[in-house]
Amino acid sequence: MWRGCPVPFAMYTVPKLTDYSAQALETAAADCVRACADEAAGVRNEAELKAFRDRWMGRKNGVLTQINDLWLKAAPKDAKREAGRRVNQIKAHVEDILLKAEFLRLELATGTPLRSGRVDISLPGIRRPIGAEHPVLRTSRELVAVFQKLGYSVADGPVVETDYYNFESLNFPPNHPARDTQDTLFIAGQQAKPPRERLLLRTHTSPVQIRTMEKMRPPIRIVIPGTVHRNDPPDASHSPMFYQIEGLAVDTNITFGDLKGTLDHAMKEFFGSRVKTSFRPSFFPFTEPSAEMFVSCFICGGSGKRGTDNAPCRPCKQTGWIEILGCGMVDPNVFEFVKDNGYDPKKVSGFAFGMGADRIALLKYGVDDLQLFFQGDVRFLRQFS
Ligand code: PHE
């Protein structure tokens with residue numbers, strides 16, 4: 001069906017074969033496939049497609065059926081194998097050509113290119129991989145779950161915070177050097193506002209302590225997972241954005257013993273029952289007394305050495321202890337800011353703690369560079385799926 005060919009040409013007819021040599025079979029097969037492709041090129045609409053399909057694939061007298069009869073069935077015994085192979089090859093070609101003719105017809109009918117190098121809908125589909133939970137978020141979720149089992153609920157607050165919630169109400173006096181330890185990122189153009197209303201990126205999740213106490217009367221037990229920002233250049237252990245988990249418990253007669261018992265239990269739940277905890281004095285403006293909590297190194301078991309050759313244990317810097325969080329008893333000055341909501345410092349007491357979820361994920365998964373968590377390289381992340 002040569003379009004534009006002025007002289008009608010003879011349609012392909014299946015020749016009888018006399019010569020069954022491999023060479024002769026190959027030539028005959030090539031002629032046949034070429035003829036099929038030529039005819040398919042002329043198919044433009046549904047009717048022509050049907051005629052083409054009937055002519056080539058028709059059960060009763062289609063070209064393929066004829067080939068089966070004339071080439072395969074008629075073949076002498078010793079040529080059957082080779083003839084069969086050829087006939088099957090031709091069938092596969094013809095089916096392929098028909099499929100392409102169908103696409104072409106669809107393209108013409110819809111005006112949408114389906115193949116032509118753009119979208120080949122005959123290709124197998126793309127399997128979308130099921131993602132895996134990010135190790136930092138997983139760590140955060142698992143830690144939150146430990147406290148939820150103890151009856152804590154989850155609270156959250158804004159990442160863009162005011163100076164009041166991030167500092168002032170947490171007992172950081174204005175211009176106090178303790179503010180410098182937080183490497184704050186300030187929002188630009190706030191000078192016209194009173195200092196306490198100026199916006200910044202929260203440097204810790206502690207402002208949610210105050211925000212929650214403003215909304216809920218004691219007793220409260222909350223955990224606060226969330227992102228925080230500090231003006232730290234990124235390196236193997238620092239990132240300008242990272243994840244914290246804060247905790248706050250306020251009730252009557254909460255003691256430092258409650259703080260220690262709660263955190264010791266939480267660490268055993270999270271790292272395994274063999275870890276020990278150790279509390280060392282520290283300072284935070286919003287807790288008094290304050291402490292840093294260490295867990296016995298779960299990598300070397302607290303010995304500071306690893307393996308049979310006593311290699312130095314890096315995660316604990318050979319001390320056998322790993323610093324995990326800051327904590328302390330809520331400073332009465334903090335309660336003063338929410339006194340009117342039932343937090344009379346003479347009647348209630350509480351403890352608070354804050355830890356870095358990314359740091360804990362680093363330790364737990366034995367990753368040596370914090371940046372790997374934030375580069376979004378699936379080859380890295382896939383290892384945790
Ligand atoms: N907010 C402190 C920090 O980011 C951690 C902390 C929270 C300490 C609660 C004590 C109590 O460093």
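The values are calculated or read from the model by the stated rules, or taken from the named source; none is laboratory data. In this text the structure is predicted, and so the values were computed from the model without any measurement. Neighbour counts are summed over all protein chains in view; Cβ atoms, including those assigned to glycine, are modelled from backbone coordinates with ideal geometry. When the accessible area is computed, the model is the full protein with side chains, heavy atoms only, and any ligands, DNA or RNA have been set aside. Shrake-Rupley method; radii C 1.70, N 1.55, O 1.52, S 1.80 Å.
The residue pairs whose first member lies in segment 282-310 and is basic (Lys, Arg), whose second member is open to solvent by 30 Å² or more (accessible area, probe 1.4 Å), and whose beta carbons are closer than 8 Å, counting only pairs six or more residues apart or on different chains, are Lys305/Ala311; Lys305/Pro312; Lys305/Gln318; Arg306/Ile299; Arg306/Pro312. In summary, helices (runs of 4 or more DSSP H) completely within segment 312-385 and bearing 1 or more residues that are among the hydrophobic types (A, V, I, L, M, F, W, C) and within 16 Å of the ligand (Cβ to nearest atom) occur at 332-336, 357-365.
Filter segment 176-190 for residues that are open to solvent by less than 70 Å² (accessible area, probe 1.4 Å), within 13 Å of the ligand (Cβ to nearest atom) and not small (Gly, Ala, Ser) and give the result. The answer is Arg179, Gln182, Asp183, Thr184.
The listed residues are Ser278, Ser206, Ser237, and the only one of them that is more than 30 Å from Lys347 (Cα to Cα) and polar (S, T, N, Q) turns out to be Ser237. Taking the criterion of being part of a loop (DSSP other than H, G, I, E, B) and either β-branched (Val, Ile, Thr) or under 21 Å from Val223 (Cα atoms) (or both), the residues of segment 233-291 that qualify are Thr252, Asn253, Ile254, Thr255, Gly272, Val275, Pro285, Phe286. Of the residues Gln148, Gln191, the single one that is free of Cβ contacts under 8 Å to residues at least 12 places away in the same chain and farther than 26 Å from Ser237 by Cβ is Gln191. Is it true that Asp309 is more than 16 Å from the ligand (Cβ to nearest atom), in a loop (DSSP other than H, G, I, E, B) and over 27 Å from Pro240 (Cα atoms)? In short, yes. Quick check on Ile299: is it in a loop (DSSP other than H, G, I, E, B), among the aliphatic types (A, V, I, L, M) and farther than 30 Å from Lys347 by Cα? It is true that Ile299 is in a loop (DSSP other than H, G, I, E, B), among the aliphatic types (A, V, I, L, M) and farther than 30 Å from Lys347 by Cα.
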